[in-house]
Amino acid sequence: MLLWDNTPGSTFKTGQAVTYYTEGIVSDSTRYPCHHGFYFKGLHVGCHAHASPVSIVPAISTSCNSYFCWGLYHMLANRRKYKTLDDAMDVWRDYMVSMGFGYKLGIDLPGEKRGMIPNAQFYDHAFKHWNPLSVISISIGQGEVNLTPLQIANLGATIANRGYYIAPHVVRHIQGKNLDKKYMEHHRTKGSVRAYQEVIAGMISSVRGGTCAHAFHPGYSLAGKTGTAQNRGKDHSVFMGFAPVDTPKIAIAVYVENGGFGADFGVPIGSLMIEQYINGKLTPGDAAQADALQKRHISYAFKHPLTHSDSLRLDSIKRVNMIKDSLKLVRQKQDMAEAERMKEAQKKKEAEEKEKKKQPQNDPAIRVEPEELIKQDKKEKDKEDDKKEKEKEKNKDNKDSRKESKDKNKGTDKSKEHEKSKSKGQSKDKSKSKETINRAK
């Protein structure tokens with residue numbers, strides 16, 4: 001249901017009808033021909049025999065391939081409404097995404113796949129040159145379109161709600177806690193309510209006399225749509241529906257691989273499950289039908305009988321795929337556990353930050369220190385002041401000693417100068433006396 005996706009087949013046509021009708025591509029009076037399929041410019045898409053031409057309601061009832069192929073062609077080729085082919089393709093894609101396709105729906109279970117809805121960019125890379133006929137198969141739920149069974153069931157719920165869905169979830173209520181808001185939010189699609197009413201009329205017609213005729217129940221009204229998803233081997237049998245029509249209680253999707261046409265397995269299984277849910281039990285006739293369905297065997301006929309080596313190879317491939325799937329689940333669990341740890345660490349950090357912010361507010365405006373701390377601080381202050389005083393005195397003594405040494409040096413210099421001048425005077429006196437003696441002689 002979650003870990004697997006595949007082509008949805010004709011159940012996808014209901015979403016196409018909503019898109020074409022809302023965009024004004026088709027109306028109640030629009031009719032397209034179907035002569036065993038869609039024929040245009042050498043392209044043929046087959047269809048089973050039914051009345052032709054058909055409008056929107058009988059097209060859904062009979063699951064006409066031609067009608068939906070023509071609808072997509074006229075939408076993508078409409079240059080009055082859309083400037084380019086890329087613009088038209090992207091509008092189509094936006095409708096599909098609004099219906100919950102191409103992305104995970106967000107169920108509260110691990111391992112959900114997103115499916116596949118192509119856009120213009122996808123086809124630009126895939127084909128380089130393409131036109132509406134290149135992608136015509138997507139209109140009937142084939143080609144590049146892939147949905148999970150959950151997305152097909154959600155499509156049924158959206159139609160039942162006339163254009164909105166709530167994200168699927170398993171948990172309905174948690175004691176002492178509120179359910180996550182995302183599981184109560186209404187997701188409105190781009191489709192109009194009128195378009196959904198047309199689709200519902202087509203699905204009711206399908207149950208009353210179309211491809212879902214075997215799903216009819218006299219006790220309540222049921223709307224349904226079959227699908228035959230093309231496969232390389234035997235086709236897959238698909239059914240999508242809801243009941244009761246006016247007060248819906250259940251929407252369902254059935255996907256039986258290699259089950260053939262939608263009416264072969266999808267319709268009977270789906271109708272029995274709806275009956276069991278609404279009435280709480282099956283009628284004796286329906287209970288017998290359920291027993292017969294359980295005993296039916298889906299055979300897959302190979303064109304050539306398998307050799308022993310081929311069967312061994314297939315078994316080994318299955319085992320490898322099972323191991324891969326289990327490893328994926330383990331990784332997902334590890335990632336979830338890691339994410340939880342990260343969340344817890346973040347919460348713890350935020351709580352610590354909040355506590356830190358709260359602490360200054362709790363402290364008193366005037367802090368009263370204990371007496372012992374005050375005395376200790378005073379002693380330390382006094383010691384620091386004594387140290388400073390001693391340092392000052394030392395510095396002062398050093399300065400005085402330097403001054404005295406300077407004064408001494410100055411005194412010695414002066415005495416030396418005095419002696420020099422004295423000696424000079426004596427020498428002068430001696431020279432003068434010698435001169436006087438010589439003169440006397």
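The table for this structure:
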item: Extended-chain gain in nm, criterion 0.36 nm per residue less alpha-carbon gap, MET184 and SER311; result: 40.9 nm
item: Total formal charge among the other residues, if their Cβ is under 9 angstrom from that of SER63, Lys/Arg +1 and Asp/Glu -1; result: +2
item: Spacing of the two label points (7 Å from each Cα toward its C-beta) at MET336 and VAL170, in nm; result: 0.8
item: Sorted peptide list for 26-37, 53-64, criterion being average Cβ within 10 angstrom, highest first; result: 53-64, 26-37
item: Alpha-carbon centroids, segment 111-127 and segment 5-61: separation in whole Å; result: 23
item: Which listed pairs, of LYS41/LYS81; LYS225/LYS249; LYS333/LYS354, have C-alpha distances above 20 Å, in listed order; result: LYS41/LYS81; LYS333/LYS354
item: Cβ-based net charge around ALA288, under 15 Å, with every Lys or Arg adding one and every Asp or Glu removing one; result: 0
item: Cβ-based net charge around LEU222, under 14 Å, with every Lys or Arg adding one and every Asp or Glu removing one; result: 0
item: Label zone at ARG31 (point 7 Å along Cα-to-Cβ), backbone N below 19 Å, segment 60-104; result: 60-71
item: Under 5 Å, built H, 5+ apart or other chain: amide partners of ASP235; result: GLY260
item: Simple spin-label estimate for MET116 and ARG296 in nanometres, 7 Å along Cα-Cβ; result: 2.9
item: Highest average packing first - 178-187, 13-22, Cβ atoms within 10 Å; result: 13-22, 178-187
item: Gain upon complete extension [TRP4, LYS81; 0.36 nm per residue less C-alpha separation]; result: 24.1 nm
item: In sequence order, calculated HN-Hα J values of segment 321-326 (Karplus, 6.51, -1.76, 1.60; Hz; x Gly/Pro); result: 5, 5, 5, 4, 4, 5
item: Inter-part distance where segment 135-177 and segment 201-218 are each reduced to a Cα centre, Å; result: 21
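Coordinate-derived values only; no laboratory data. Worth saying up front: this structure is predicted, and the values here are computed from it rather than measured. Don't worry about glycine lacking a Cβ; one is built from the backbone with ideal geometry, like all the others, and counts go over all protein chains shown.
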